Structure formats: C-alpha cells, structure tokens
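Presented below is the structure to which this report refers.
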Amino acid sequence: MVERLHKCRKFIFYLLGWLELIVSVLIVIGIVVYLFSVPKMISDIANGGFNGYLSVLFDILIGIELVKLLCRNDLYSMVEILLFAVTRHIIIERLTILETLIGVVAIAALFAIRKFLFLYQETHEQIRHRREHMD
C-alpha cells in the first residue's frame, strides 16, 4: 500500500514537471508575441505614451523572470520576480506618497532577504560541501 502511494506521488510529481514545462513554453511564446508590440510602442513615446512603453517592458521582464523561476525552482528567482513586480508598480502606477513609501519598504525588505537569507543558504551549502569532501 505504501509502495503504491509512493509510486502515485512520484507519477504526480513527474506529471507536474511536464505541466510546468508546458506553462513555461506558453509564457515564452507570449513574451515573444508581446515583444512585437515594442517597436510600435516606441512611436507612441513621442505622444506621451512613455508609461505604456515602460509598462510593456516591465511586463516582459516579469514574464522572463517567471519562466526562470519555473525552470530553476529556487528562492533567488522568486525574490527577483517580486523585486521587478514591486518596482514596476511603483514606477508605472500613480501612487500616493504612503503607497510609494510602502513599496520602497517592500523593496528594502526584499533586498535584506536576498542579502541575509542567501548568505545563510550559501553557508549551509558550503558546510555540506566540506562534509562531503571530508568523508
């Protein structure tokens, strides 16, 4: 019974890996299609459409980071996506001063997480690497 449950979990994990790959490919296709609108947006910059242009570029960057997250499955990619998303929201949207301050605090928190958490993660990997070489 336990062996059957283990095989079922393994199959579901395998299936989810393929679904993740399919979603990644669909996102890449969407990004490529979206890239074709960028040259048209450049002509709109002269007419005051710079925010729309920046919005499209940030959407493309967030999509690229999302695909990287799906491919790598690590915390670093998640923090990068959150940084792009918060930055996009602060730059593109017309926010109140309080909302902008909250966004800046969120970015500072993400940088702190990236600095201290990744240092901690790297230290664990170095310790494990040393232990493996000692044996």
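Structural remarks
- The 3J(HN,Hα) values that the Karplus relation (6.51, -1.76, 1.60; θ = phi - 60°) gives for region 89-95 are, in residue order, 5, 5, 6, 7, 6, 8, 9 Hz. Gly and Pro appear as x.
- The charge dipole of region 2-134, taken about its Cα centre with unit charges on the Cβ of Lys, Arg, Asp and Glu (plus for the first two, minus for the last two), comes to roughly 500 debye.
- Summed residue charge, Cβ within 14 Å of Ile12's Cβ, Lys/Arg positive, Asp/Glu negative: +3
- Going from the residue with the fewest nearby Cβ atoms within 10 Å to the one with the most, Met41, Met1 rank Met1, Met41.
- Computed over region 2-134, relative contact order equals 19 percent, with contacts defined as Cα pairs under 8 Å that lie 6+ residues apart.
- Measuring r between the beta carbons of Phe36 and Leu15 and using R0 = 35 Å, the FRET efficiency lands at 0.60.
- Degrees, to the nearest 10: 97-134 long Cα axis against longest axis of the chain: 30
- At an R0 of 22 angstrom, the distance between the Cβ atoms of Ala112 and Ile64 translates into a FRET efficiency of 0.35.
- Cα gyration tensor category, rounded, prolate or oblate, for the chain with a/c compared to 1.5: oblate
- For Lys68, the lysines whose Cα falls under 22 Å of its own Cα, not counting residues fewer than eight places away in the same chain, are Lys115.
- Order of Ile22, Ile31 - criterion: other Cβ atoms within 10 Å of each residue's Cβ, fewest first: Ile22, Ile31
- When the chymotrypsin sites (Phe, Trp or Tyr not before Pro) in region 1-104 are filtered for DSSP coil states and for at most 14 other beta-carbon atoms within 10 Å of their beta-carbon, the remaining sites are Phe36.
- Whole-Hz Karplus values for region 12-22 come out as 4, 4, 4, 4, 5, x, 5, 5, 4, 5, 5 Hz, taken residue by residue from phi with 6.51 cos²θ - 1.76 cosθ + 1.60 and θ = phi - 60°; glycine and proline positions read x.
FYI, it's all coordinate maths here, none of it is from the lab. Small disclaimer: the values here were computed from a predicted structure and weren't measured. Cβ sites come from the backbone with ideal geometry, for glycine too, and all protein chains shown count toward neighbours.
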